[in-house]
Amino acid sequence: MVAPDIHVLSAGSALPGPPIDNAALARRFGMDRLWEEWVDAFIGTRTRHLAVDLDSGEVRYSLADLAESAARHALTAASVDPGEVDVIVLGTATPDMLMPATVNLVADRLGIDDVQSYQLQSGCAGAVQALDVGRRALATGEHRVALVMGGDVCAKHFDLGVDLAELEPSELVNVVLFGDGAGAAVLTAEPAPGSAALRRVVNRLVGLDRAPGQVLEWFGPADRPSGRVAVREDYKAIETSVPTMAAEVLKELLDDLGWQRGDIDHLLPPQLSGTMTARIVEVLRTPGAKEVTRVRETGNNGNAMPFLQLEQALADMVSGDRAIGIAVESSKWIKAGFALEKP
């Protein structure tokens with residue numbers, strides 16, 4: 001049985017501080033011009049936004065700060081009062097603390113209470129998982145409005161004293177690849193002027209017997225001196241697997257909806273880096289679709305990214321337009337995606 005359509009009223013986003021370009025990173029870490037050129041050529045990300053001040057080391061934004069700001073933007077754009085929200089969901093790989101859940105701190109700041117709340121611990125697919133949870137909650141008919149959010153802040157994992165020349169490639173790539181941010185969307189059970197119908201959501205774990213592509217450690221006082229690296233990734237596995245998984249998600253959505261590749265007006269591809277995103281788009285082969293890409297300017301900001309793309313797509317979509325969004329979680333391999341249509 002196909003679930004009824006849920007409607008996306010709006011999306012909003014929040015990025016911390018001014019954009020930091022590759023030259024600024026190179027200066028901060030004492031790297032030369034060749035390193036800067038390597039980042040430009042092989043990573044393809046020009047700028048990113050960071051919650052930590054590179055000069056002082058001060059953490060200036062928390063995930064709760066950014067998620068609250070993104071949520072307020074989305075609620076205002078939808079003309080929805082926080083008191084109308086029945087369900088609130090947050091997808092993140094980097095909560096501010098283990099408890100209380102960041103989603104509940106954001107709800108408190110917004111004045112939201114006596115509602116269902118969920119926090120999903122996930123990488124880049126967490127934003128789509130949040131959409132899925134919000135969609136399913138509204139599809140029961142018991143609720144009217146869901147506020148779904150995604151975001152990540154890597155400040156607690158950013159070591160400003162590190163010598164980049166000493167890092168392994170699996171660690172070095174994280175210094176230039178990632179940024180911070182948050183995004184949000186307002187979902188409703190009923191259509192409204194300007195809304196887009198959420199036609200389908202794909203959310204599937206496919207990591208059985210597969211090694212993690214990325215590991216993000218969380219240290220407590222007892223295991224902090226363990227010697228384990230805080231962040232590492234198998235970028236070769238990611239480079240090989242993500243384009244294939246993205247193509248599988250696209251095919252599943254198209255087959256399920258009876259759409260053709262030429263029917264897609266807006267493509268929101270996985271946003272690993274500028275270079276990787278370009279490769280993925282080539283694999284997806286969606287002629288005529290407008291590519292909605294933000295990663296070159298914002299860095300890979302994890303669960304914020306699908307909402308940043310969604311915000312832009314909603315602004316560009318006109319009556320009859322169709323959009324496909326895709327995200328892949330590489331830590332234990334989740335492929336996810338969604339289809340939108342503007343009636």
How far is helix 126-139 tilted off the main Cα axis of the chain, in degrees rounded to 10, range 0 to 90? 20
From phi via Karplus (6.51, -1.76, 1.60), per-residue ³J(HN,Hα) for segment 21-26 in Hz, x at Gly/Pro: 8, 5, 5, 5, 4, 4
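What ranking of W333, W259 emerges when the number of other C-beta atoms within 10 Å of each C-beta is taken as an exposure proxy, fewest first? Write down the numbers at each step before the final one.
On the way: W333 24, W259 18.
Lowest to highest Cβ neighbour count: W259, W333.
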Projected onto the charge dipole of the chain (unit charges on the beta-carbon of Lys, Arg, Asp and Glu, signs +1, +1, -1, -1), the Cα from V39, F307, G320 with the largest positive-side position is that of G320
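Classify segment 197-341: rounded, prolate or oblate, from the alpha-carbon gyration tensor (a ≥ b ≥ c, eigenvalue square roots; a/c under 1.5 rounded; otherwise prolate if a/b is larger than b/c)?
Values: a/c = 2.24, a/b = 1.90, b/c = 1.18.
Cα axes put segment 197-341 in the prolate bin.
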Segment 185-199 - phi-based ³J(HN,Hα) in whole Hz, Karplus 6.51/-1.76/1.60, Gly and Pro as x: 9, 10, 10, 9, 7, 10, x, 9, x, x, 7, 10, 7, 7, 6
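State, as an integer percentage, the relative contact order of the chain based on alpha-carbon contacts under 8 Å between residues 6 or more apart. Can you show the working numbers first?
Details: 800 pairs, mean separation 88.4, N = 343.
Relative contact order, the chain: 26 percent.
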Over the alpha-carbon set of the chain, work out the extent along each principal axis and list the three values in angstrom, largest first. 54, 45, 39
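Less than 13 Å Cβ to Cβ from A70, Lys/Arg counted +1 and Asp/Glu -1: what total charge do the surrounding residues give? Don't skip to the end; give the middle numbers.
On the way: positive: R72, R109; negative: D65, E68, D152, D180, E311.
Net charge around A70: -3.
Once a ≥ b ≥ c are taken as the square roots of the eigenvalues of the Cα gyration tensor of segment 6-188, is the result rounded (a/c under 1.5), prolate (a/b larger than b/c) or oblate (a/b not larger than b/c)? Walk me through the numbers on the way to the answer.
Values: a/c = 2.49, a/b = 2.34, b/c = 1.07.
Note, shape of segment 6-188 comes out prolate.
As an exercise, use a Förster radius of 35 Å and the Cβ-Cβ distance of K251 and A41 to find the FRET efficiency, rounded to the nearest 0.05. Don't skip to the end; give the middle numbers.
Working: r = 31 Å, r/R0 = 0.90.
For K251 and A41, the calculated efficiency is 0.65.
Peptides 101-110, 334-343, 175-184: what's the order by average Cβ count within 10 Å, highest mean first?
Values: 101-110: 20.6, 334-343: 22.6, 175-184: 28.0.
The densest-packed peptide leads the list: 175-184, 334-343, 101-110.
Highest first, please rank the peptides 13-19, 118-124 by the mean number of other Cβ atoms sitting within 10 Å of their residues. Let's see the in-between values first.
Details: 13-19: 20.0, 118-124: 21.7.
Averaged packing, sorted descending, gives the order 118-124, 13-19.
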Selection from A189, L284, W218 lying farthest towards where the dipole of the chain points positive, charges on Cβ: L284
In percent, what relative contact order does segment 197-341 have, based on Cα pairs under 8 Å that are 6 or more apart in sequence? 39
Among the listed pairs K156/K335; K251/K290; K156/K236; K290/K332, those beyond 21 Å (Cα-Cα): K156/K335; K156/K236; K290/K332
Relative to the longest principal axis of the C-alpha atoms of the chain, give the angle of the C-alpha long axis of helix 274-284, reported between 0 and 90° and rounded to the nearest 10°. 40
Fluctuation leader among T76, T45, T277 - the chain, Gaussian network, Cα springs under 10 angstrom: T76
At 222 nm, what value in deg cm²/dmol follows for the chain if DSSP H runs of at least 4 each add -39500 (n - 2.57) and the sum is divided by all its residues, to the nearest 500? -10000 deg cm²/dmol
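Note down, for segment 90-133, the three equivalent ellipsoid semi-axes (square root of 5 times each alpha carbon gyration tensor eigenvalue), biggest first, whole angstrom.
So the equivalent ellipsoid measures 18, 13, 7 Å along its semi-axes.
Just so you know, all these numbers are worked out from the coordinates, no wet-lab data involved. Keep in mind it's a predicted model, so treat the numbers as computed, not measured. Cβ sites come from the backbone with ideal geometry, for glycine too, and all protein chains shown count toward neighbours.
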